[in-house]
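Colleague: Here you go, one structure.
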Amino acid sequence: MKPVSPFLETESGTEAGPRVPVSFDGRTLELPEGANLAAALLAAGVQVFRRTPVSGAPRAPYCMMGACFDCLVEIDGVVRQACMIEVTGGLAIRRPHEAHDDPA
Amino acid sequence: MTRRDLAIIGAGPAGMAAAAQAAALGLAVTLVDEQPRPGGQIYRDVDRAVALRGAILGADYGRGARLTAGLRRDGIDHVAGAVVWAIEEGFSILYTREGRGARIAADRVLLATGALERPMPLPGWTLPGVMTAGAGQILLKQSGVLARRAVLVGSGPLLYLIAAQMVRAGTPPLALVETQSRGDLARAMGHAGGALRGWRYLAKGLGLLAEIARARVPRHTGATGIAIEGEGRAEAVRFTSRGRAHRIACDTVFLHHGVVPNMQAARSLGVAHRWHQAQACFVPQLDGWGRTEMPGLFIAGDGAGIGGAAAAEIAGRLAALKLAEEAGRLSPEACDRQARPLRAAQARELAARAFLDRAYPPFAEALAPADATVVCRCEEVTAGEIRGHARLGCLGPNQAKAFGRAGMGPCQGRYCGLTVTALLAEANARTPDETGYYRIRPPLKPVTLGELAAMEDAAEAAQ
Ligand SMILES: Cc1cc2nc3c(=O)[nH]c(=O)nc-3n(C[C@H](O)[C@@H](O)[C@H](O)COP(=O)(O)OP(=O)(O)OC[C@H]3O[C@@H](n4cnc5c(N)ncnc54)[C@H](O)[C@@H]3O)c2cc1C
Ligand code: FES
């Protein structure tokens, strides 16, 4: 079942391109190609992007401008900021586990 | 590797205006920005979004297209999607782009890295569903994504702009929870010439408020005791306004109480900063051209102190004139002559800004959060822990790193630094200048070993 997202995609938002499949923690999502990844995940109903290494608290995008690092996801073994990436077909995205173990 | 006359970091109004001006004077300019398209924060993605959402975003937004058009000329090389992670004296700009590291050599550097939204530590501000209001606006500008049930919390002209944009987009906020009081505006009006100087901004603000009122968005002013509630995500905002307790259920909370200079790049180069009392933030020490004490290093735009988009554009052009003069492309007389009208326009903008600063002060509860509130989002350090550090003799944010982990997470203090300075200053009864700030060291953004390896390969291939 498609989760209901707190966010709504306007018609004009989908101009980014055709929908392409990406996986998020094993679930397949159809996201607009070329769209901002964090925005597309939020619109697709993803509510928790990562858990903090300290207390395991859930986090999701806070600043959308590459400054807060709360949108971190793991793609091909590399932890990256989802708000600084564009959607491409076939992205295999996972929740990162220990942000501190990742490259500084 | 070719050496450029000027490297500009940041393609917002300041960086774009500076690039066009410098190129017009004959400088070879490279403009670097981590965003895929030019615009900066105010004009984010303007070339694509203006056609799609121009009516929602408003006339001011459309003006950005004039600046992006100015980049399409000889002498400007715009490197988009490039994250600058180090700037070395001399100058060498190190960045990563599409998974590879690279560098640009330049004689001079202009930092035009803009502003960040002021940290707003409130109970519950780390919950999923809580974002900055600017983030909500970025979702709209760049992606056409709107929050269905959002509450806007805080103060400032940008809060009203975003509320009005949400109204125009057909998803008005459920409510505005405003932290400023009527007294703040009255004081700003009463200040010598305040209302007169700020009248354009005031009139614009009144227009926005009329749009918000027509959409019947409830406004709660003078709010205190604000907390975001929810199990695992934001579910409601609780506060008191005019003596009455409120709880508004929602899915999304947009926080905003002003913007502050993004100091990361400047501080990493050792640029001296001083506390600006009226704007409650640190600003770099510059001369009237945006020049730092380091030869060849300039700063323009909101990163030099908050002045707004129009002031940023003017500051970018002023810096470009001086940079061209230093590079021997403009005589000192011509430089001064061309600067004169810009200075007059700049004085008008900054006078209006002083009015806005007084009318919309930051939210006191978020400047001195309650003990239990998390201030460092990355390492989950609370205000009480920072106060505890002070009791053990901690005087400044840098030292705080020896007492706990505040500021040591991936955001490098971007969203806790000012709060930690304020908490330690208050606890130790010292000024913010005496208290200081985190020492910022490269990398400014995380770099992977793979990206570094790709850079080494390219360097070897070039030899
Ligand atoms: C989220 C947000 C939304 C805003 N919206 C508005 C608005 O709608 N209206 C308004 O009047 N004002 C707005 N402002 C205020 C804003 O500061 C403007 O006054 C204006 O954008 C400032 O222009 P600038 O050129 O100084 O910087 P900016 O426009 O902020 O441009 C700075 C640029 O530097 C780039 N940059 C920063 N660090 C790096 C790095 N390490 N590597 C590469 N690139 C980097 C950024 O990507 C950005 O494009 C907003 C501010 C924020 C933070
Ligand atoms: S949402 Fe803040 S870095 Fe991506």
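Colleague: I need the full set of residues from segment B:328-386 which are within 14 Å of another protein chain (Cβ to nearest Cβ), acidic (Asp, Glu) and without any contact (Cβ under 8 Å) to a residue 60 or more places away in the chain, in order please.
Modeller: B:379, B:385
Colleague: When the residues of segment A:34-58 are filtered to those that are part of a strand (DSSP E or B) and away from ligand 2 (no atom under 11 Å from the Cβ), which remaining residue is nearest to the other protein chains (Cβ to nearest Cβ)?
Modeller: Per the criteria, the residue is A:58.
Colleague: Got a sec? Which of B:166, B:189, B:131 is modelled with pLDDT of 95 or more and either over 26 Å from residue B:380 (Cβ atoms) or more than 13 Å from every other protein chain (Cβ to nearest Cβ) (or both)?
Modeller: Just a single option satisfies the conditions, and that option is B:166.
Colleague: Could you tell me whether any residue of segment B:229-249 is closer than 20 Å to residue B:413 by Cβ, at pLDDT 95 or above and touching a Ser or Thr at 6+ places or on another chain (Cβ under 6 Å)?
Modeller: The answer is no, given that none of the residues of segment B:229-249 is closer than 20 Å to residue B:413 by Cβ, at pLDDT 95 or above and touching a Ser or Thr at 6+ places or on another chain (Cβ under 6 Å).
Colleague: Would you check if there is a residue in segment B:135-153 being on the phi > 0 side of the Ramachandran plot and buried (at least 24 other Cβ atoms within 10 Å of the Cβ)?
Modeller: Scanning segment B:135-153, I find at least one residue that is on the phi > 0 side of the Ramachandran plot and buried (at least 24 other Cβ atoms within 10 Å of the Cβ), so the answer is yes.
Colleague: Can residue B:298 be described as touching a strand residue (DSSP E or B) at 6+ places or on another chain (Cβ under 8 Å), more than 29 Å from residue B:180 (Cβ to Cβ), assigned to a strand (DSSP E or B) and touching a residue at least 24 places away in the same chain (Cβ under 8 Å)?
Modeller: yes
Colleague: Filter segment B:303-315 for residues that are assigned to a helix (DSSP H, G or I) and near ligand 1 (Cβ under 7 Å from one of its atoms); which is farthest from residue B:349 (Cα to Cα)?
Modeller: B:303
Colleague: For segment B:71-79, does any single residue satisfy the condition of being over 17 Å from residue B:104 (Cβ atoms) and β-branched (Val, Ile, Thr)?
Modeller: For segment B:71-79, residues over 17 Å from residue B:104 (Cβ atoms) and β-branched (Val, Ile, Thr): absent.
Colleague: Can you find a residue in segment B:153-161 that is more than 22 Å from residue B:122 (Cβ to Cβ) and touching a residue at least 60 places away in the same chain (Cβ under 8 Å)?
Modeller: Checking segment B:153-161: not a single residue is more than 22 Å from residue B:122 (Cβ to Cβ) and touching a residue at least 60 places away in the same chain (Cβ under 8 Å).
Colleague: Can you tell me which residues in segment B:39-85 are within 14 Å of chain A (Cβ to nearest Cβ) and β-branched (Val, Ile, Thr)?
Modeller: B:42, B:50, B:56, B:83, B:84
Colleague: Name, by its number, the condition in (1) surrounded by 23 or more Cβ atoms within 10 Å (Cβ to Cβ); (2) within 16 Å of ligand 2 (Cβ to nearest atom) that does not hold for residue B:21.
Modeller: Condition (2) is where residue B:21 drops out.
Colleague: So is residue B:59 away from ligand 1 (no atom under 11 Å from the Cβ) and over 22 Å from the mean Cα position of the chain (by Cα) or not?
Modeller: It is false that residue B:59 is away from ligand 1 (no atom under 11 Å from the Cβ) and over 22 Å from the mean Cα position of the chain (by Cα).
Colleague: Residue check, residue B:345 against (1) in a helix (DSSP H, G or I); (2) crowded, with 21+ Cβ neighbours inside 10 Å, all met but one. Which one?
Modeller: (2)
Colleague: I'd like to know if segment B:348-364 contains one or more residues that are in contact with a strand residue (DSSP E or B) (Cβ under 6 Å, 6 or more places away or on another chain), among the hydrophobic types (A, V, I, L, M, F, W, C) and within 21 Å of residue B:280 (Cβ to Cβ).
Modeller: yes
Colleague: Now, a different point. Between residues in segment B:260-281 that are within 13 Å of another protein chain (Cβ to nearest Cβ) and more than 24 Å from residue B:92 (Cβ to Cβ) and residues that are within 11 Å of ligand 1 (Cβ to nearest atom) and part of a strand (DSSP E or B), which pairs lie under 8 Å by C-beta distance while being six or more apart or on different chains?
Modeller: B:260/B:115; B:260/B:116; B:260/B:117
Colleague: Residue B:284: more than 16 Å from ligand 2 (Cβ to nearest atom) and under 30 Å from residue B:373 (Cβ atoms), yes or no?
Modeller: yes
Colleague: Within segment A:59-77, identify whether any single residue is in contact with a helix residue (DSSP H, G or I) (Cβ under 7 Å, 6 or more places away or on another chain), at the interface with chain B (Cβ under 9 Å from one of its Cβ atoms), within 14 Å of ligand 2 (Cβ to nearest atom) and not in a loop (DSSP other than H, G, I, E, B), and answer yes or no.
Modeller: yes
Colleague: Check every one of the helices (runs of 4 or more DSSP H) wholly within segment B:380-463 and list those with 3 or more residues that are more than 30 Å from residue B:92 (Cα to Cα).
Modeller: B:383-391, B:397-403, B:417-428, B:432-435
Colleague: Quick check, is residue A:83 touching a helix residue (DSSP H, G or I) at 6+ places or on another chain (Cβ under 7 Å), part of a helix (DSSP H, G or I) and within 16 Å of ligand 1 (Cβ to nearest atom)?
Modeller: yes
Colleague: Which members of segment B:195-253 meet the condition of being among the aromatic types (Phe, Trp, Tyr) and surrounded by fewer than 18 Cβ atoms within 10 Å (Cβ to Cβ)?
Modeller: Answer for segment B:195-253, where residues must be among the aromatic types (Phe, Trp, Tyr) and surrounded by fewer than 18 Cβ atoms within 10 Å (Cβ to Cβ): B:199, B:201.
Colleague: Note down all Cβ pairs under 8 Å where the first residue falls in segment A:57-77 and is under 15 Å from residue B:120 (Cβ atoms), the second is more than 16 Å from ligand 1 (Cβ to nearest atom) and outside any loop (DSSP other than H, G, I, E, B), and they're at least six residues apart or on different chains.
Modeller: A:70/A:50; A:70/A:59
Colleague: Looking at (1) over 18 Å from residue B:34 (Cα atoms); (2) buried (at least 17 other Cβ atoms within 10 Å of the Cβ); (3) more than 11 Å from chain B (Cβ to nearest Cβ), which is the one condition that is false for residue A:30?
Modeller: (2)
Residue-wise test of (1) surrounded by fewer than 23 Cβ atoms within 10 Å (Cβ to Cβ); (2) under 16 Å from residue B:412 (Cβ atoms).
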site: A:61; (1), (2): no, no
site: A:70; (1), (2): no, yes
site: A:74; (1), (2): yes, no
site: A:77; (1), (2): yes, no
site: A:94; (1), (2): yes, no
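Colleague: Determine, yes or no, whether residue B:84 is within 14 Å of ligand 1 (Cβ to nearest atom) and crowded, with 24+ Cβ neighbours inside 10 Å.
Modeller: yes
The values are calculated or read from the model by the stated rules, or taken from the named source; none is laboratory data. Because the structure is a prediction, the values reported are computed rather than measured. Please note: Cβ atoms are built from the backbone with ideal geometry, for glycine as well, and neighbour counts cover all protein chains shown.
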